[in-house]
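Colleague: Quick one: the structure is below, questions incoming.
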Amino acid sequence: MNHTTLPHSGRKVLVSGATGTVGRQIVTELLARGHAVRALTRDAVKARAVLPEAVEVAVGDLTDPDSLTEALTDVTGLHLITFGGAAFAPLETGPRVLELARKAGVRRVTVLHGGEDTPVERAVKETADLDWTVVLPVEFMSNALEWAPGVRADDEVREPFADRLSAMVHEGDIGAVAAVALTEEGHGGRSYVVTGPEVLTLRDKVAALGAARGREIRLVELTEEQAVARWRQAGLPEHVIGFLLEAYGNTPEVGRTVVDTVERVTGRPARTFAEWAADHADAFRP
Ligand SMILES: NC(=O)c1ccc[n+]([C@@H]2O[C@H](COP(=O)([O-])OP(=O)(O)OC[C@H]3O[C@@H](n4cnc5c(N)ncnc54)[C@H](OP(=O)(O)O)[C@@H]3O)[C@@H](O)[C@H]2O)c1
């Protein structure tokens, strides 16, 4: 295997996607709650660079379930992503991953929903004697970091659909909901939509970022055609472009409706975009 830090025996939570936006937050929340955490990665060096010392790092690839055997040792809780490989391709290995997890003693699983039905989610729901929770976040607040280079360089955000509505959620709150579901009773067999505390337009978000960094930011509204051309230039695959057009141009009700999951599950109110912007203001300063 594959590990950079050898595990000792005991009950642990294995977090896949741990080097990513949501996974890192799950790791932080689990550690803060006093749990032993192991991070799954395909790249131990990268993982060690971004994860806290207290986390064990185990190398494995979800597209190759047999590479997970040792990472699953002593694990009772498992957080799963639903993609693996290039461009968020749906992970086809869900059933085998779940089989190995059950054999290893995993009792509780959370899944980060990726916007569509996937073999991972189906396998999780079909596995006997498993407490599963599907976490369905709406748009992440951290997506705003994509604007940072343009804001630093030109005080500008260039995006389509300036009036689109979003109940976007702080990634730390997604992590907190998953951490609770992974370690506390009462969340099995549930699917949790996770949102922020308010519905904002793109204009509202840009204004909040300007206020947080102490300098106004212009919003330049792109046409749909201009946006598609820019996404193509950035190398986004056509299916991702199609997804973005639909998500931004025709946001489904679930993406623009506030629900109280964060407060109900974690006992803390969901964080606002103004809080997120204050925490990340430096990324938007020249
Ligand atoms: N952005 C949004 O607004 C939004 C909203 C709702 C839902 N989502 C969903 O959130 C998910 C993305 O989450 P994220 O932003 O936290 O991810 P991310 O930051 O892009 O990180 C990807 C993570 O996946 C891991 N990974 C990828 N392929 C793997 C494989 N074959 N085996 C093991 N690990 C693998 C990577 O680990 P290593 O590189 O360390 O191996 C990395 O930790 C997607 O399903 C997306 O649909 C996003």
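The values are calculated or read from the model by the stated rules, or taken from the named source; none is laboratory data. Predicted, not measured: the structure shown is a model, and the values here were computed from it. Here the Cβ positions follow ideal geometry from the backbone for every residue, glycine too, while neighbour counts run over all protein chains shown.
Colleague: For residues that are away from the ligand (no atom under 12 Å from the Cβ) and not charged (D, E, K, R), scanning just the stretch 118-141, find the one that is modelled with the lowest pLDDT.
Modeller: ALA128
Colleague: If you check every pair at least six apart or on different chains, which have Cβ atoms under 9 Å apart with a residue in the stretch 103-130 that is touching a residue at least 24 places away in the same chain (Cβ under 8 Å) first and a residue that is in a helix (DSSP H, G or I) and of a type in the set (Asp, Glu) second?
Modeller: VAL111/GLU121; HIS113/GLU121; GLY114/GLU121; ALA123/GLU99; THR127/GLU99
Colleague: Would you please name the residue that is surrounded by the most Cβ atoms within 10 Å (Cβ to Cβ), looking only at residues in the stretch 43-59 that are of a type in the set (Gly, Ala, Ser) and farther than 19 Å from ALA179 by Cβ?
Modeller: Checking each candidate, the answer is ALA44.
Colleague: Being of a type in the set (S, T, N, Q) and within 11 Å of the ligand (Cβ to nearest atom) is the filter; apply it to the stretch 77-117 and report the residue that is surrounded by the most Cβ atoms within 10 Å (Cβ to Cβ).
Modeller: THR82
Colleague: Could you give me the residue pairs with C-beta distances under 8 Å whose first residue belongs to the stretch 139-156 and is more than 10 Å from ILE217 (Cβ to Cβ) and free of Cβ contacts under 8 Å to residues at least 60 places away in the same chain, whose second residue is more than 9 Å from the ligand (Cβ to nearest atom) and among the acidic types (Asp, Glu) wherever it lies, and which are 6+ apart or on separate chains?
Modeller: No pair meets every condition.
Colleague: With respect to LEU80, is the statement that it is in contact with a strand residue (DSSP E or B) (Cβ under 7 Å, 6 or more places away or on another chain), among the aliphatic types (A, V, I, L, M) and on the phi < 0 side of the Ramachandran plot true?
Modeller: Judged against the criteria, LEU80 is a match.
Colleague: A follow-up question, please. Considering only the stretch 162-173, I want to know if a residue exists there that is farther than 30 Å from GLY249 by Cβ and either free of Cβ contacts under 8 Å to residues at least 60 places away in the same chain or touching an Asp or Glu at 6+ places or on another chain (Cβ under 9 Å) (or both).
Modeller: No, that holds for no residue.
Colleague: Here is a follow-up. Considering only the stretch 173-221, state which residues are among the β-branched types (Val, Ile, Thr) and within 27 Å of PRO149 (Cα to Cα).
Modeller: Within the stretch 173-221, ILE174, THR195, VAL199, THR201, VAL206, ILE217, VAL220 meet the criteria.
Colleague: In addition: Only one of these conditions is not met by LEU62: (1) more than 7 Å from the ligand (Cβ to nearest atom); (2) surrounded by 17 or more Cβ atoms within 10 Å (Cβ to Cβ); (3) touching a residue at least 40 places away in the same chain (Cβ under 8 Å). Which number is it?
Modeller: Tallying (1) more than 7 Å from the ligand (Cβ to nearest atom); (2) surrounded by 17 or more Cβ atoms within 10 Å (Cβ to Cβ); (3) touching a residue at least 40 places away in the same chain (Cβ under 8 Å), LEU62 fails exactly one: (1).
Colleague: Can I ask one more? Considering each residue of the stretch 234-258, count those that are over 19 Å from HIS170 (Cβ atoms) and either surrounded by 11 or more Cβ atoms within 10 Å (Cβ to Cβ) or of a type outside the set (A, V, I, L, M, F, W, C) (or both), and give that number.
Modeller: Residues flagged as over 19 Å from HIS170 (Cβ atoms) and either surrounded by 11 or more Cβ atoms within 10 Å (Cβ to Cβ) or of a type outside the set (A, V, I, L, M, F, W, C) (or both) within the stretch 234-258 amount to 17.
Colleague: Just checking, does the stretch 176-191 include any residue being surrounded by 16 or more Cβ atoms within 10 Å (Cβ to Cβ), in contact (Cβ under 8 Å) with a residue 12 or more places away in the chain and either in contact with a Cys (Cβ under 8 Å, 6 or more places away or on another chain) or not aliphatic (A, V, I, L, M) (or both)?
Modeller: yes
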